[in-house]
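Notes to accompany the following structure.
Rule-based calculations on the coordinates, nothing more; no lab input. Since we're looking at a predicted model, the values are computed, not measured. Neighbour counts run over all protein chains shown; Cβ positions are idealised from the backbone, glycine included.
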Amino acid sequence: MLSVARNVLKQRVYFSTALKTEASKQIPVITCKRTEYNLFAKDYPAGKDGNNKFGKLELASSGWRHHKSTGDSFIVHPIQRSFEAHALSDVHFQQLGIRTELAENLKKKHALYPTIYQAEGIPTVLNGEHVLLAAETGCGKTYTYLIPILEQILQRNLHGRQEHMNSPLVFILTPGRELAQQIGRVLESLTEGTGIISRVLLGGRTKQHMLNPHFEDIDILVSSFGAISKLVSSGIYKTNDTRWVVLDEADTLLDDSFNSKLLHFMKRFPFHKNHLQDLGDNIRGTQLILTAATMPSNMAEQIGQLVSMETVEEVVSPNLHRIMSHVAQRFLRVKKSNRPNILLNLVEKDMKQRRPVIIFSNKTPTSDFISIFLNEAKMPCVNLNGDMLLKLRLGQFEKFQQGEVNVISTTDVASRGLDTTRAAHVINFDFPLYAADYIHRVGRIGRIGSRGDCLVTNLVSSQAEIGAVQRIEHAARTDSPLSNVDANVKGIIRRRLKRALGVS
């Protein structure tokens with residue numbers, strides 16, 4: 001069962017204590033085209049009198065269902081410098097129990113101090129219990145689990161002790177290829193000079209691996225789940241020596257797209273309580289580590305299927321499920337037919353200001369269209385979606401990351417976990433219908449290392465999108481977390497169909 005969550009911080013600290021002073025009362029929190037809906041610091045958060053229930057609070061987007069609302073807009077202004085969990089702590093990595101050689105590798109990556117979130121999470125992982133690391137995007141969750149795992153491999157002299165070839169000490173599973181590649185690059189820099197061997201295994205070439213397998217000593221294997229599950233089932237990779245299993249973006253891996261296959265795969269690992277107290281040859285326990293930027297309400301039930309009745313420590317940021325209050329977010333009510341021209345104008349401005357931009361669509365055909373449309377308009381743009389052939393997909397994200405192009409058109413395949421500190425503008429060409437998708441998309445900017453003028457622009461055109469916008473505006477006005485955050489889109493649709501058919 002999940003233990004009681006520990007919050008990294010006890011309260012939210014706004015960027016200026018001047019919010020309480022007379023001079024600051026006109027600091028804008030939300031400004032609208034219709035000024036009667038403006039919200040300033042003196043009245044923030046709205047609904048302090050208790051009248052803050054959804055449907056009762058006046059919203060700028062309340063009238064957006066009428067066709068005459070086209071052209072209306074509102075902006076949610078930054079009211080923090082950054083989320084607290086992103087801030088640097090006042091301790092060194094060595095004070096957390098991390099050896100000097102790892103700390104030196106971190107220093108090469110300009111990581112001199114852990115963030116507040118990392119300072120809480122690293123010792124928790126070192127303690128050896130199963131851990132859920134839940135925090136908003138961009139606060140360093142990858143380092144939070146990689147650093148203590150590497151420390152334990154070196155501290156316990158486990159490197160090179162595998163009894164079987166192709167039997168990693170660590171499996172790191174991701175929902176997508178780009179995230180696996182990113183984690184692999186982080187591992188390369190962290191393990192420099194340590195002798196620890198890491199490999200990245202991508203989907204799309206599984207048959208080649210099965211027909212022509214490569215056998216070697218390996219410490220850490222990073223892979224998209226689909227690829228590794230087939231190769232383990234076929235016996236090419238073994239789980240005999242595995243001490244750590246990491247589910248990166250666990251909320252996505254535990255949804256209905258992966259759930260049944262994942263649960264079957266995870267039965268291969270003995271998740272014993274206090275398994276790290278003795279790492280001798282007689283103990284083959286495995287520590288489970290999960291990371292997530294969103295937590296569906298049934299997360300405890302899902303994790304319980306993995307580790308039965310064992311305790312799972314939680315390291316939870318207090319900003320989980322809150323909108324990025326340090327990033328400007330503007331919402332534009334537009335006609336669907338006008339979106340391409342609006343998009344072109346936005347991208348042209350971004351290119352003049354040298355602002356790298358990520359454009360999100362809900363479906364692959366729209367992502368394809370945007371890429372073709374912008375390239376024909378002489379705005380170089382790369383395309384990335386889950387339906388692309390592997391040989392076309394590989395390297396697309398790197399072109400954006402390395403600055404070969406400054407515009408990327410993508411679906412939600414690029415919204416989970418990717419480190420996009422180079423990006424400065426997120427445009428939702430299609431507005432996401434689910435709160436989890438909005439949180440992940442916006443989380444591509446406003447990260448540790450991001451520039452300070454990041455911006456989100458949302459083009460809102462359909463009736464379904466308006467309902468999602470109203471829930472976000474309500475959360476922004478009342479300083480409250482988004483409700484009903486569930487990344488399991490297939491599960492949501494299945495439950496809606498059951499209700500519509502009257503099936504319990």
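Annotations for the structure displayed:
- Among His474, His77, a tally of other beta-carbon atoms within 10 Å of each Cβ gives an order, fewest to most, of His77, His474.
- For the range 89-316, the calculated P(r), taken from all Cα-Cα distances in 5 Å bins from zero up to the bin holding the longest distance, is 1, 7, 15, 20, 22, 18, 11, 6, 1, 0, 0 percent.
- Modelled this way, with points 7 Å down the Cα-to-C-beta line, the labels at Gln26 and Arg65 are 3.7 nm from one another.
- Among the listed pairs Lys108/Lys399; Lys68/Lys352; Lys108/Lys141; Lys141/Lys230, those with a Cα-Cα distance over 29 Å are Lys68/Lys352.
- Amide H to amide H distances under 5 Å link Thr286 with Phe271, His272, where only residues 5 or more positions off or on other chains count and H is placed in the peptide plane.
- Contour minus Cα-Cα distance for Glu192 and Met165 (0.36 nm per residue): 7.5 nm
- Counting only aspartates and glutamates at least 8 places from Lys335 when in the same chain, those with an alpha carbon closer than 18 Å to its own are Asp72, Asp430, Glu465.
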